[in-house]
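Right, one structure below, let's go through it.
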Amino acid sequence: MDEYYMRQALALAERGLGRTRPNPMVGAVIVRDNTVVGQGWHKKAGTPHAEIHALTQAGDLARGATLYVTLEPCSHYGRTGPCADAVIQAGIKKVVVAMVDPNPLVAGKGLEKLRAAGIEVVEGILAGQAAGLNEVFIKWVTTGMPFGILKTAMTLDGKIATVSGQSQWITGPPARQFVHTLRDRYDGILVGIGTVLADDPALTARLPQATQNPVRIVADSLARTPLTAKVVNDEAATIVAVLPEAPPERREALQKKGVDVVVVPRGKTGIDLKSLFQILGKRGISSILIEGGPAVNQSALAANVVDKVYWFIAPKIIGGTSAPGPVGGEGISCLDAAILLKNTAIQQVGEDVLVSGYIV
Ligand code: AOF
Ligand code: ZN
């Protein structure tokens with residue numbers, strides 16, 4: 001029964017997908033005499049937590065009932081008051097949680113509070129699913145670093161463009177639509193200046209339903225982003241990351257156009273992406289979709305800021321020894337140094353194949 005109701009709570013939590021950032025997705029179900037008397041999910045950061053919605057719906061029926069919640073009720077005063085206190089006050093008798101809150105401000109203190117008040121606590125029900133659902137939140141809240149998602153699309157023979165540089169389009173419409181769902185879900189989207197100069201992309205989320213745009217982040221060592229670029233002129237927010245030596249007049253010109261210019265230390269190949277991610281994480285950006293070309297992809301992998309990959313393979317062969325692949329740089333000479341993936345999955349998206357996985 002615990003798993004049955006926890007599955008419901010997880011499904012509720014998932015309704016917040018892409019809308020709760022940088023807070024977690026959380027779902028809650030209140031059950032009394034085998035009947036659901038309250039349910040709720042977290043809708044947006046700064047608004048009431050899932051437990052509060054469920055308790056409000058249950059009202060007096062919460063007394064003596066069991067609360068199923070996908071994350072430990074919080075114990076801290078943040079943008080809202082502690083849910084553990086509200087749970088105790090409502091007279092809940094038993095609390096079943098999927099996982100402990102990884103937020104160092106909570107980290108078990110909520111469960112302690114509940115136990116101290118005489119509430120029976122069960123933890124670890126569908127913990128793996130709950131952790132998977134909140135992989136972004138867990139990474140960000142425990143390390144301060146945004147969760148990095150590298151997305152790329154290549155032909156069956158491993159090319160992202162022809163020898164002349166043509167790349168529109170490698171994948172079909174369903175795969176491109178899938179990418180827009182990723183842009184809608186994650187907080188930021190990173191590209192290199194090469195991509196801005198070559199394609200002038202908007203990098204916004206465009207779907208038939210209402211969407212939200214990620215913050216566009218351009219790794220642009222010398223502030224070469226043209227003032228006429230789409231990312232400078234449309235309404236979505238843009239951050240241009242530059243090196244300390246970027247010409248001040250170009251930086252100022254971008255700032256005058258409303259672009260947020262961030263100065264980042266130099267790494268091995270231009271902007272140090274680890275430092276950039278640290279800076280962006282501090283600003284509350286909890287996830288970054290990397291849609292770069294070979295140079296940015298290589299730097300991101302080398303800087304160890306990639307957690308997950310979405311790798312599309314199109315059923316096309318275009319050839320060309322000098323046609324680029326998804327990851328540039330000098331490469332490795334020893335196979336032992338290869339970057340490995342775990343928990344890989346394969347999915348058909350239209351004509352294309354999507355391989356996803358996590359960097360080991
Ligand atoms: C949520 N929604 O349903 C639960 C959360 O910024 P605050 O004050 O809203 O607090 C956010 C923290 O509260 C969050 O990091 C997590 O530790 C805890 N639980 N947060 O946004 C919820 N249950
Ligand atoms: Zn709470």
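In loop segments of the range 225-263 as defined by DSSP, the GluC sites (Glu not before Pro) with at most 12 further C-beta atoms inside 10 Å of their C-beta are GLU235, GLU245.
For the range 178-247, the Kirkwood hydrodynamic radius from C-alpha pairs, put into Stokes-Einstein at 4 °C and a viscosity of 1.567 mPa s, yields a diffusion coefficient of 104 µm² per second. Fewest neighbouring Cβ atoms within 10 Å first, the residues HIS76, HIS42 line up as HIS76, HIS42.
Residues of the range 87-119 with backbone nitrogen within less than 14 Å of a virtual label 7 Å along the Cα-to-Cβ line of ALA127, please, listed as ranges. Within reach of a label on ALA127, which here means backbone N under 14 Å from a point 7 Å along Cα→Cβ, the range 87-119 contributes 97-102, 108. Here's the list of lysines a cross-link from LYS139 could span, going by alpha-carbon distance under 28 Å and ignoring same-chain residues fewer than 8 apart: LYS43, LYS44, LYS109, LYS113, LYS151, LYS268, LYS274, LYS282, LYS308, LYS342. Label sites at ARG79 and ALA11, each approximated as a point 7 angstrom past Cα along Cα to Cβ, lie 2.8 nm apart. Couplings 3J(HN,Hα) of the range 112-126, computed from phi: 4, 4, 5, 5, 4, 8, x, 7, 6, 10, 10, 10, x, 7, 6 Hz, in residue order, whole Hz [Karplus 6.51 cos²θ - 1.76 cosθ + 1.60, θ = phi - 60°; x for Gly and Pro]. As a calculated quantity, the FRET efficiency between LYS256 and GLN168 at R0 = 25 Å, using C-beta atoms, amounts to about 0.20. A straight chain from GLU235 to ARG115 at 0.36 nm per residue would run longer than the Cα-Cα distance by 38.3 nm. Among ILE313, ILE339, ILE92, ILE359, the order by Cβ neighbours within 10 angstrom, fewest to most, reads ILE339, ILE359, ILE313, ILE92. Residue separation of MET1 and LEU156 scaled by 0.36 nm, minus their Cα-Cα distance, works out to 51.2 nm of gained length.
Shape analysis of the range 145-359 yields a ratio of the Cα radius of gyration to the Kirkwood radius, Rg/Rh, of 0.95.
The gain in end-to-end length when the ALA345 to THR47 segment is fully stretched comes to 103.8 nm, 0.36 nm per residue minus the alpha carbon separation.
Normalised by 2.2 N^0.38 Å, where N is the number of residues, the alpha-carbon radius of gyration of the range 31-96 equals 1.02.
Exposure proxy shown here: for THR321, THR162, THR70, the number of other Cβ atoms within 10 Å sets the order, fewest to most, as THR321, THR162, THR70. For LYS94 and GLU135, the FRET efficiency from 1/(1 + (r/R0)^6), where r spans their Cβ atoms and R0 equals 25 Å, is about 0.35.
Largest first, the extents of the alpha carbon coordinates of the range 1-137 on the three principal axes equal 34, 28, 24 Å. In the range 90-227, inverting the average of 1/r over every pair of distinct C-alpha atoms gives 19.0 Å as the Kirkwood radius.
Each listed q (0.10 Å⁻¹) maps to a log10 I(q)/I(0) for the chain, found by the Debye formula over equal Cα scatterers with no solvent: -0.69. Between the alpha-carbon centres of the range 1-72 and the range 149-192 there is a gap of 36 Å. Near the amide H of VAL96, within less than 5 Å, lie the amide hydrogens of LEU67, TYR68, VAL69, VAL122, all on another chain or at least 5 residues away, with H placed in the peptide plane.
No value in this document is a laboratory result; all are computed from the given coordinates. Since we're looking at a predicted model, the values are computed, not measured. Cβ sites come from the backbone with ideal geometry, for glycine too, and all protein chains shown count toward neighbours.
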